[in-house]
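> This structure is in structure tokens; I'll ask about it shortly.
The values are calculated or read from the model by the stated rules, or taken from the named source; none is laboratory data. Computed from a predicted structure; not experimentally measured. Here Cβ is always computed from backbone atoms with ideal geometry, including for glycine, and neighbour counts include all displayed protein chains.
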């Protein structure tokens, strides 16, 4: 395997060194790779969702031992800084080695039980983006409820309305997961009021297993303990909608009220934001203006790539980390993050082609 060979022969180290001073991009018109000197410093942001394998979220599992190996690797090979420091260095343009910040979306409880001890052990700073309503009520997000409903649905078929009547065959666990993804994808494409109505009707159709809903999210005691130990917290909206599907009133509720709720609970300022889903179609100029007016210092997307001097701090790029337990693949993807210029039509080092690893489609939240 390519990544294993690079790691074990020491060539991964050479790629990491190259990434500090050079970029690889596709030559316009030919698609051929070209190496050029880097104009400024490079800053990468890693995006995790959960560290653990049991219960919610059903769509995301990462073995704690794999996470520990990843943190040990980045501590040894990269400069890792708090997100606030990364924003400072982006702004002032200082020259630094390739630098990483670690982030987590949603605020699942296993971040306290599995991720927090590892971060403490290796003295790695991190930022966790919290959903306001989950902190207030302890409820799991709406998309987790869809996955749980599909897991619990009786029979081998399910009929729902997704713009038009849709019947799913759910005779296997994989078919149920695929059906849940399709439902979530549909709900990302409609106005948020429609999404709320659909979810309420769906839960009337399929009762959820209560025992799988309890104790899955961080609580204020856990958040407080992590905060006192140096973990930072940001906002991830009140209810995890697609912000581009919100009206002006909804934008204020999700972006401003969430900040207020979290600041009261933390007793500290909340300056960083993560767009739910985070793809270009999920972000809006109106949201960006509200974030700026509410004095957020940064906002992160799930668009892949590194950030550098001049990057828009309200649309920062991140690399999503999935369930793969291979340390070699992880090391390759982080080095590639710093080496390859984002947005090129031809991906010079495209990971799904070069590594051939399964499950690389990033359908994270």
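> Would you check which residues across the stretch 205-227 are within 21 Å of residue 58 (Cβ to Cβ) and loosely packed, with under 14 Cβ neighbours inside 10 Å and list them?
Within the stretch 205-227, 205, 207, 209, 210, 211, 214, 215 meet the criteria.
> Looking at the structure I just gave you, is residue 269 in a helix (DSSP H, G or I) and either more than 20 Å from residue 84 (Cβ to Cβ) or outside the structural domain of residue 190 (by TED's automatic domain parsing) (or both)? Steps first, please.
On the way: in a helix (DSSP H, G or I): no; either more than 20 Å from residue 84 (Cβ to Cβ) or outside the structural domain of residue 190 (by TED's automatic domain parsing) (or both): yes.
Answer is no for this residue.
> If I filter the stretch 93-121 down to residues being assigned to a loop (DSSP other than H, G, I, E, B), touching a residue at least 60 places away in the same chain (Cβ under 8 Å) and touching a strand residue (DSSP E or B) at 6+ places or on another chain (Cβ under 9 Å), which single residue comes out as surrounded by the fewest Cβ atoms within 10 Å (Cβ to Cβ)? Don't jump to the end; show me each part of the working.
The first filter runs over the stretch 93-121 and keeps only residues assigned to a loop (DSSP other than H, G, I, E, B), leaving 93-98, 107, 109.
Cutting the leftovers down to touching a residue at least 60 places away in the same chain (Cβ under 8 Å) gives us 93, 97-98, 107, 109.
Okay, now just the ones that are also touching a strand residue (DSSP E or B) at 6+ places or on another chain (Cβ under 9 Å), so 97-98, 107, 109.
Working: 97: 14, 98: 23, 107: 25, 109: 18.
Among those that are assigned to a loop (DSSP other than H, G, I, E, B), touching a residue at least 60 places away in the same chain (Cβ under 8 Å) and touching a strand residue (DSSP E or B) at 6+ places or on another chain (Cβ under 9 Å), it is 97.
> A further question follows. Between 124, 146, 128, which is part of a loop (DSSP other than H, G, I, E, B), touching a residue at least 40 places away in the same chain (Cβ under 8 Å), touching a helix residue (DSSP H, G or I) at 6+ places or on another chain (Cβ under 7 Å) and crowded, with 18+ Cβ neighbours inside 10 Å?
Values: 146 fails: part of a loop (DSSP other than H, G, I, E, B); 128 fails: part of a loop (DSSP other than H, G, I, E, B).
Criteria check complete, one pass: 124.
> Let me ask another. Residue 90 fails exactly one of the following numbered conditions: (1) crowded, with 17+ Cβ neighbours inside 10 Å; (2) farther than 20 Å from residue 297 by Cβ. What is the number of that condition?
Here residue 90 meets the rest and fails (2).
> Of the residues in the stretch 159-169, how many are under 30 Å from the mean Cα position of the chain (by Cα) and assigned to a strand (DSSP E or B)?
Taking the stretch 159-169 and keeping what is under 30 Å from the mean Cα position of the chain (by Cα), we get 160-163, 166, 168-169.
Subset that is assigned to a strand (DSSP E or B): 160-161, 166, 168-169.
The qualifying residues number 5.
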